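Here the structure is laid out as structure tokens; the discussion comes afterwards.
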Amino acid sequence: MYTSKDVMELRERTGVGMLKCKEALDATEGNMEKAIEYLREKGIANAAKKEGRIAAEGIVESYIHQGGKIGVLLEVNCETDFVAKSDDFKALVHDIAMHIAAAAPLYVSDAEVDQNALAKEREIFRAQALNEGKPEAVVDKMVEGRVKKYLKEVCLYDQMFVKDPSKDIRTLVNEAISKIGEKITIRRFVRFVMGEGLEKRSENFADEIKKQIQG
């Protein structure tokens, strides 16, 4: 249907990684132009081309959940002050801050994950698999699968967007890059929960926020 040369050509024309290029060619039965269109529709091609550019402008957004129970401070960067002041950029940052309040990510991306913490998770997943009576031959694959699932749960870029679970935050940002025309990066965030660490009545604030956002 298509060859490795086609994958390389698509990569050169779009700046997108090999796996995404193969995905696009698979989805379009090897049609090069349709594959490019596929990547552009997902906002991936334009985003990849802007990876090398510098994003040093942006805004710090604050989001406070009703009643002051949860608060988020978020920094998102773009290339120009003009874009930082635009309604589209501000709306994107606000949506991401709301998402953080609801989904409680621990890291921006998997590059930030504490390796000691990840090693402990691997040990737990291995013990779980062995306790389930799984044979040693498949335990490693099960552990890796569970690690990937864990990273998607704790890394902001890989979480499914609470307002539209058909896309993850990375796709949301890539779509904004395609529309706005500048490199956009989520730099850092902090999430505060009122009374966190103190003994108190248990409440599921994340579910409460999700219901309000989706409702």
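The values are calculated or read from the model by the stated rules, or taken from the named source; none is laboratory data. Since we're looking at a predicted model, the values are computed, not measured. Heads up, the Cβs are rebuilt from the backbone with ideal geometry, glycines too, and the neighbour counts pull from every protein chain shown.
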Just for region 117-138: of the residues that are of a type in the set (A, V, I, L, M) and either in contact with a Lys or Arg (Cβ under 6 Å, 6 or more places away or on another chain) or closer than 18 Å to Leu106 by Cβ (or both), which one is surrounded by the most Cβ atoms within 10 Å (Cβ to Cβ)? Leu118
The condition from (1) touching a Phe, Trp or Tyr at 6+ places or on another chain (Cβ under 6 Å); (2) not in a loop (DSSP other than H, G, I, E, B) that Glu33 misses is numbered (1)
Residues that are under 20 Å from Lys20 (Cα atoms) and crowded, with 18+ Cβ neighbours inside 10 Å, drawn from region 162-176: Asp168, Ile169, Arg170, Thr171, Leu172, Val173, Asn174, Glu175, Ala176
Across (1) free of Cβ contacts under 8 Å to residues at least 60 places away in the same chain; (2) not in a helix (DSSP H, G or I), Lys163 clears everything bar (1)
If you take the residues of region 53-79 that are at pLDDT 90 or above and aliphatic (A, V, I, L, M), which of them is farthest from Glu182 (Cα to Cα)? Ile70
Is it true that some residue in region 107-120 is in a helix (DSSP H, G or I), under 12 Å from the mean Cα position of the chain (by Cα), closer than 26 Å to Val76 by Cβ and touching a residue at least 24 places away in the same chain (Cβ under 8 Å)? yes
